[in-house]
Amino acid sequence: MIEIEFVGSGGQGAVVAARLLADAAAKGGYMSQSFASYGALRRGERVESFARISESEILVHSKMYGADYLIIMDESFIKQPGVVSVVKEGGVILINSAEPPKTFSSLGNFKIATIDAPRIAIDHKVQLPSGMPVINTVMLGAVAAIIPSIDIERLAEAIREGKVPVPDRNIEAAREAYYQSQVQAASPVATKVKRKVAIAISAERYPVYRGKVPPCEANCPAGEAIETTISLIQSNRFEEALENIRLENPFPGICGRVCFHPCETYCNRNEYDEPIAINALERVAFDHADASATKQIVKKAETGKRVAIIGSGPAGMTCAYFLAILGHEVTVFEALPVPGGIPRVGIPEYRLPQDVVDREVRQIAELGVEIKTNTEVGKDVSFDDILKEYDACFIAVGAHQSASMDIPGENSDGVISGLEFLKSIAFGREVDLGTRVAVIGGGNTAVDAARTAKRLGAKEVTIIYRRSAQEMPAHRGEVEAAEQEGVRIFYLTMPAQIYNNGKRVSKLGCLKTRLGKGDKDGRPRPEPVEGSNFMLDMDTVIAALGETVVVPFLPDTIEMEGAVIKVDHMGRTSMTGVYAGGDATSLSRSVVEAIAAGKRAALGIDIQLTGREEKTFATFQKGRSGSIAMAQYLAGDKGIEDSGVVSFTDLNTTYFTKSPRTEVAQLPVPTRVSNFKEASLGFTRAKAIQETERCFHCGHCNLCENCYIFCPDAAITFDEAIAAFGIEREVCKGCGICIKECPRDAISWEGGA
């Protein structure tokens, strides 16, 4: 088979030329094919057309990757990038030029031929009414001289039957070009090229369809199958999307609102334009799915084993959720009057409505999980009794103890801890703030407290943070929202003393700071600037310097790691049968990482209670975060195949277009600061689907058909029964074009290097 590419300007007839050439070859008994690639036919624009000629059936249906002959109908295109590079080494380039072939010897190791096509066309009056010469038939005459498969008489027949205007003139022009080019083709500059015949190749390696892990999933602590969720939403299948999330995470409604979404940080789209709004899509599955239409979770047969969980926050309830599904009897002990932990009592309603938490906790209770509220371990029930009555125990107490400021006057009336303040609001208690409020700290609790104070009517709310904006640990979006709502932030500032007027707080003494050497947590240490003291008039000071975990019931035999309980990769403590996770074992204080800890412990506990080998645990960890693929464990799969994580450089971004991230609607500032209605309105169904269309679907075949279209050997097949492509190895020559052209890196090599 030989392949010919024409490159010309709109109006020069490159597309017609390829068709006529294919017709002429067919008349000579050859199999032929012609097609074109162009964006517009306006005169002067670049147009490419192609022809294939073969003695046998042409099975190729891809674009051309290496031409045997390049026909340049406009000499100016020689200088354009990529034009000449399509020709195989030693191939022939025919140029429409009055210059001799040696003029173009610098193009490379090619055989060069030239033809003064405009002159010949004008001589034979093959012109448009404007006087512009029509050169396509002239160029075809020259092509017939250098390609043995093309007979000039067959070409004349094709021109005559091809409805070409004034066919006799075109045929005579083609003949003249043919005879001129025959002389040139006999010279050492350009010689006849033998027909290229396809030969069988024994490939040592073959392409295979192998799904890989998108970076969003590899970095999701909860281990969600994010790409699947996005695909389901894209197909308007919101109920299935919700079911898919809950296979790995029982709290899509909570996470969709307050997760710090590391998945978006690692989204490959970051390097292209903007990341996918994965967090908002998780929420939309919860908000818009018809809960009554979702499938009921199937529990495994009862094991007869009993597990106690201390704490009903995200870690504890996640562990309870999966243990219940695995068939164990679960009891949760909660000291507060309501279950849900910090999300229920420590995150304001404008960020996370209480009914969302209540709904998600309720669906866990409906699995048969018993939740005992107002039951404090160590006071209402002893830890020893729990260990005697249950086969395993998971400690998931939250961080409810606020850190001290250690400054004079902090015991004054009008000083309150950030978490206690937020709890009071959650339980409907009245809090007298006055008009001027200072919030000390830079975490999410501090920002939540400041925005809550604004909603309670405080006129002046100021956050005092001892480091710079870059070091502030609160979510950037929450900080920006606080500033929009009128909260002032004094960076590089620390409290020095609280003054009172005998009744309550009246002033806050502050110092400016500068950043020094690294602190024990790696961040630069703030150092007070001498002589920088200043005073702020205040009615209330809210201390939100961080929270710690207090576990008074913990026996001395359980090993600690600083302020938290020491656990291994399965959540096991140093005491047999006792596991821990969430705030009790980590300083990260994030909901999604607490969920991850609950899953790890649930898997570890199930392995212990069912007597499985410990090595089972490792086979169900995935991605960089080491998250658990609980859906595969529940399904009884053997484990996870390490197929690699798709990087941005693995993608073929030629097939994607830049598009802005879909913005999530927010309540107007004047409206939201006057009440506790949810500030973020989330996506509508239509907006959600619009955002999913931006997803690269990294590592997953989405049936784009590029492999099918571009395979030069017709080795790609489509199985309608399973809606998937396959590769016939006896046909595939192992060229790798399908791998190269796959936009999503869903095809890999198998076999030799």
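The values are calculated or read from the model by the stated rules, or taken from the named source; none is laboratory data. Just so it is clear, the model here is predicted, and its values are computed rather than measured. Note that we place each Cβ from the backbone using ideal geometry, even for glycine, and neighbour counts take in every protein chain shown.
The table that follows gives values for the structure above.
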{"quantity": "Residue count for segment 243-256, restricted to those that are in contact with an Asp or Glu (Cβ under 9 Å, 6 or more places away or on another chain) and farther than 20 Å from ALA597 by Cβ", "calculated": "1"}
{"quantity": "Filtered residues of segment 466-488 (kept if without any contact (Cβ under 8 Å) to a residue 12 or more places away in the chain and over 21 Å from GLN666 (Cα atoms))", "calculated": "GLN470"}
{"quantity": "Candidates ALA156, ALA98 - the one that is in the same structural domain as GLY28 (by TED's automatic domain parsing), without any contact (Cβ under 8 Å) to a residue 40 or more places away in the chain, surrounded by fewer than 18 Cβ atoms within 10 Å (Cβ to Cβ) and touching a helix residue (DSSP H, G or I) at 6+ places or on another chain (Cβ under 9 Å)", "calculated": "ALA98"}
{"quantity": "Index of the failed condition, VAL447 passing every other in (1) over 20 Å from GLN666 (Cα atoms); (2) modelled with pLDDT of 95 or more", "calculated": "(1)"}
{"quantity": "Flag for PHE683 being among the aromatic types (Phe, Trp, Tyr), surrounded by 13 or more Cβ atoms within 10 Å (Cβ to Cβ) and touching a helix residue (DSSP H, G or I) at 6+ places or on another chain (Cβ under 7 Å)", "calculated": "yes"}
{"quantity": "Restricting segment 520-531 to residues that are surrounded by 13 or more Cβ atoms within 10 Å (Cβ to Cβ) and free of Cβ contacts under 8 Å to residues at least 24 places away in the same chain, the residue that is nearest to GLN470 (Cα to Cα)", "calculated": "ARG525"}
{"quantity": "Exclusive hit being loosely packed, with under 14 Cβ neighbours inside 10 Å, within 30 Å of ARG52 (Cβ to Cβ), modelled with pLDDT under 95 and over 14 Å from the mean Cα position of the chain (by Cα), set VAL189, VAL208, VAL183, VAL193", "calculated": "VAL183"}
{"quantity": "Yes/no for LEU667 being in contact with a strand residue (DSSP E or B) (Cβ under 9 Å, 6 or more places away or on another chain), more than 30 Å from GLY726 (Cβ to Cβ), without any contact (Cβ under 8 Å) to a residue 24 or more places away in the chain and of a type outside the set (Phe, Trp, Tyr)", "calculated": "yes"}
{"quantity": "Residue pairs meeting the criteria (Cβ under 9 Å; at least 6 apart or on separate chains; first surrounded by 24 or more Cβ atoms within 10 Å (Cβ to Cβ), in segment 131-147; second of a type in the set (Asp, Glu) and part of a helix (DSSP H, G or I))", "calculated": "VAL138/GLU176; GLY141/GLU176"}
{"quantity": "Enumeration of residues in segment 361-407 that are modelled with pLDDT under 95, hydroxyl-bearing (Ser, Thr, Tyr) and surrounded by fewer than 21 Cβ atoms within 10 Å (Cβ to Cβ)", "calculated": "SER404"}
{"quantity": "Number of the exception - ILE342 against (1) within 27 Å of GLU678 (Cα to Cα); (2) in a loop (DSSP other than H, G, I, E, B); (3) β-branched (Val, Ile, Thr)", "calculated": "(2)"}
{"quantity": "Residue that is surrounded by the fewest Cβ atoms within 10 Å (Cβ to Cβ) [pool: residues in segment 229-271 that are of a type in the set (Gly, Ala, Ser) and not in a loop (DSSP other than H, G, I, E, B)]", "calculated": "SER231"}
{"quantity": "All positions within segment 101-127 that are within 54 Å of the chain's Cα centre (by Cα), exposed (fewer than 14 other Cβ atoms within 10 Å of the Cβ) and in contact (Cβ under 8 Å) with a residue 24 or more places away in the chain", "calculated": "LYS102"}
{"quantity": "Tally, over segment 211-228, of residues that are modelled with pLDDT of 90 or more and assigned to a loop (DSSP other than H, G, I, E, B)", "calculated": "9"}
{"quantity": "Residues that are closer than 17 Å to ILE309 by Cβ, of a type in the set (Lys, Arg) and surrounded by fewer than 24 Cβ atoms within 10 Å (Cβ to Cβ), drawn from segment 560-614", "calculated": "ARG572"}
{"quantity": "Test for THR294: is it among the hydroxyl-bearing types (Ser, Thr, Tyr), modelled with pLDDT under 95 and either farther than 23 Å from CYS259 by Cβ or touching a Leu at 6+ places or on another chain (Cβ under 9 Å) (or both)", "calculated": "yes"}
{"quantity": "Among (1) of a type outside the set (Asp, Glu); (2) farther than 30 Å from ILE716 by Cα; (3) within 51 Å of the chain's Cα centre (by Cα); (4) at pLDDT 90 or above, the one test that ALA144 misses", "calculated": "(3)"}
